[in-house]
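The structure under discussion appears below in the form of structure tokens.
The values are calculated or read from the model by the stated rules, or taken from the named source; none is laboratory data. Just so it is clear, the structure is predicted and the values come from calculations on it, not from any experiment. Every residue, glycine as well, gets a Cβ built from its backbone with ideal geometry; the counts of neighbours run over all protein chains shown. Surface accessibility is based on the protein's heavy atoms, side chains included, excluding ligands, DNA and RNA. Shrake-Rupley method; radii C 1.70, N 1.55, O 1.52, S 1.80 Å.
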Amino acid sequence: MYIVIAGGGEMGGELARALEKTHDVVVIDRNPQARERFASWDVKVVVGGATDPDTLREAGVDRADLFVASTDSDEINLLASLLAKGLGAKEAFCFVGKGGYVEVLTDPRTAEILGTRIDRVLWPQRAMAREIVEVILVPWAVDTEVLAGGRLRFVEYRVKEGGEYVHRLLSGEKWPEGVLLAGVVREGTFLSFAHPEFPELILEPGDKLLFVATQKAFSELAAYFTEGPGVRRVMVIGGGNVGFVVAQGLLKRRVEVVIVER
């Protein structure tokens, strides 16, 4: 794919690094020093403004399979995405930091008025906030994710020193119906069912158990590892985009929330 990324900062840089080995990547950035930052990667850098049609043409958006606007300005990202689509980009992805933009831009009426549309509006703060909420609500988990459009849950638990599962034979454990033990991480090494040591694996402190469960079975699995009552009160430091969405998510789950904000 031919991919044009507007903005060579933290977000755009990570995208370019992830994509440059398998795709043709062009980065647009106002700062001439961007050429030095990307010198070791197979990335073309075009110096200029992402909302300048001449700069977009120089970057080749007319033949781009994908245009990604990832500058630190929502307004620049929105205008650049619309211009890129107008100049011929097949798809345009736009990163925003303000939740209000997501609501407006995903409304079909907005696309009709604009006469074109941004294919995907991405709000990374919302994804981060939702992940924080899920981790808070499963306090004994190391990590948890929602999969398959909400039908499945991934969850990771750590075997604790003195805990119920330490020094027990893993193959002898029985988990609720609808739960799949995907594997174990021991000292940074992932051990799956195919690993020769797996059948005789004795759980040790620090081992991480990785599960995939249906939503129904998830609560049953969580009960296996829960120690004490769940979280009922949460203090959120900072009422910005992430803090606001975290508070919203917790309030929907009937958790008491206090926000500390200057």
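Data overview
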read-out	value
Summed residue charge, Cβ within 15 Å of F38's Cβ, Lys/Arg positive, Asp/Glu negative	-1
Dipole of the range 82-198, positive direction: furthest Cα of S171, F198, A84, with charges on the beta-carbon	A84
Label-point separation in nm, L201 to D52, each point 7 Å along Cα→Cβ	5.5 nm
For the chain, size of Cβ-based charge dipole, Lys and Arg +1, Asp and Glu -1, in debye	640 debye
For L122, residues with placed amide H under 5 Å, excluding near neighbours	C94, F95, V96
In nm, spacing of pseudo-spin labels at D143 and R233 (7 Å Cα→C-beta vector)	3.2 nm
The range 190-262-the range 56-102 distance, computed between alpha-carbon centres (Å)	35 Å
Loop sites in the range 53-155: trypsin sites (Lys or Arg not before Pro), DSSP, at most 11 other Cβ within 10 Å	R151
Candidates L250, L221, L122, ranked by Gaussian network fluctuation over the chain, Cα under 10 Å, top entry	L221
Stretch in the chain that is longest and holds no GluC sites (Glu not before Pro) that DSSP places in a loop and that have at most 16 other beta carbons within 10 Å	1-160
Relative contact order (percent, whole number), the chain, Cα cutoff 8 Å, 6+ residue spacing	13 percent
Accessible surface of the range 1-80 [probe 1.4 Å, protein heavy atoms]: carbon and sulfur percent	48 percent
Förster-model FRET efficiency, 41 Å R0, L79 and W175, C-beta, rounded to 0.05	0.20
Other-chain or far-sequence residues with amide H under 5 Å of V236's (modelled H)	V258, I259, V260
Accessible area of the range 126-262 belonging to carbon and sulfur atoms, whole % at 1.4 Å probe	55 percent
Accessible area expressed per residue, the chain, with surrounding protein chains retained (probe 1.4 Å, Å²)	57 Å²
